[in-house]
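Student: Below you'll find the structure I mean.
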Amino acid sequence: MRSIKTYSGEFLMSPRNDFAFRLLFGDPNNSDILLDILNAILPDHFQSALCTDPHLVIPDTKKECILDIKALSDSRVLVDIEMQVLDLKSMEKRSLFYWAKMYLDQLNRGQSYYELNRTVAINILDYMLMPIEDLHTCFQAYDRVHDILMSDVFEIHFLELPKFIGARYNMKVQIYYRGLHF
């Protein structure tokens with residue numbers, strides 16, 4: 001496992017720590033790292049991505065939400081990247097909640113629904129969630145009977161690190177996900 005070390009080489013913290021994760025992927029000086037991980041997971045081939053305010057404001061509630069990384073790509077795709085170490089047994093609902101709030105926050109009074117942008121949640125998990133062998137699952141809004149995609153604006157990804165670390169993937173897949181092995 002990679003770690004963040006001091007100049008003398010001593011262990012400082014794991015990039016799986018929220019603070020270190022935000023520091024690594026949210027620092028403007030590391031925008032190339034953020035771009036690499038986005039382009040490895042999503043098929044969009046972004047040219048640039050800008051980190052934005054990670055706070056989600058939920059009026060009239062006591063619920064405070066701070067995303068690990070909230071980014072806006074050059075093609076106006078909103079992305080939430082979460083690193084989750086502990087299995088809270090509610091990650092699917094939490095991810096849906098964060099996604100919905102990011103999607104909702106795009107419009108102000110008087111704006112057209114046409115102005116809503118694609119919104120993507122990427123959850124990097126340090127535990128196993130899905131009952132399948134694949135390390136990467138992607139959920140979208142489909143009609144199950146007719147296999148029709150309703151819209152491409154909704155997308156939630158789960159990447160399960162234990163499956164990557166223990167798996168024997170071909171070289172192309174290993175290169176593709178090399179940025180996640182930490």
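Student: For Gln140, are the conditions met, namely being assigned to a strand (DSSP E or B) and either at pLDDT 90 or above or closer than 23 Å to Phe25 by Cβ (or both)?
Tutor: Yes, satisfied.
Listed here are the residues, each with its yes/no results for (1) in contact with a Lys or Arg (Cβ under 8 Å, 6 or more places away or on another chain); (2) within 26 Å of Ile33 (Cα to Cα).
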residue	(1), (2)
Lys63	no, no
Leu67	no, yes
Ala71	no, yes
Val79	yes, yes
Leu88	yes, no
Ser95	no, yes
Trp99	no, yes
Leu107	no, no
Tyr113	no, no
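Student: Identify all residues within segment 77-117 that are among the basic types (Lys, Arg), closer than 23 Å to Pro15 by Cα and exposed (fewer than 14 other Cβ atoms within 10 Å of the Cβ); write none if there are none.
Tutor: Hit for segment 77-117 is Lys89, nothing else.
Student: Take the residues of segment 129-163 that are more than 20 Å from Leu38 (Cβ to Cβ) and either crowded, with 16+ Cβ neighbours inside 10 Å or touching a residue at least 40 places away in the same chain (Cβ under 8 Å) (or both): which is nearest to the chain's Cα centre (by Cα)?
Tutor: Result: Leu129.
Student: Can you name the condition, by its number, that Met102 falls short on among (1) part of a strand (DSSP E or B); (2) modelled with pLDDT under 95?
Tutor: (1)
Student: Considering only residues that are among the aliphatic types (A, V, I, L, M) and within 22 Å of Leu129 (Cβ to Cβ), which ones fall in segment 74-112?
Tutor: Within segment 74-112, Val79, Ile81, Met83, Val85, Leu86, Leu88, Met91, Leu96, Ala100, Met102 qualify.
Student: Given the conditions (1) within 16 Å of the chain's Cα centre (by Cα); (2) assigned to a strand (DSSP E or B), report the number of the one that Ser95 does not fulfil.
Tutor: Failed condition: (2).
Student: Here is a follow-up. When segment 28-74 is examined, which residues are found to be modelled with pLDDT of 85 or more, hydrophobic (A, V, I, L, M, F, W, C) and more than 20 Å from Gln84 (Cβ to Cβ)?
Tutor: If the condition is that a residue be modelled with pLDDT of 85 or more, hydrophobic (A, V, I, L, M, F, W, C) and more than 20 Å from Gln84 (Cβ to Cβ), then Leu35, Phe46, Leu72 are the ones that fit.
The values are calculated or read from the model by the stated rules, or taken from the named source; none is laboratory data. Computed from a predicted model, the values in this text were never measured in an experiment. A quick note on method: Cβ atoms are made from the backbone with ideal geometry, for glycine too, and the neighbour counts reach across all protein chains shown.
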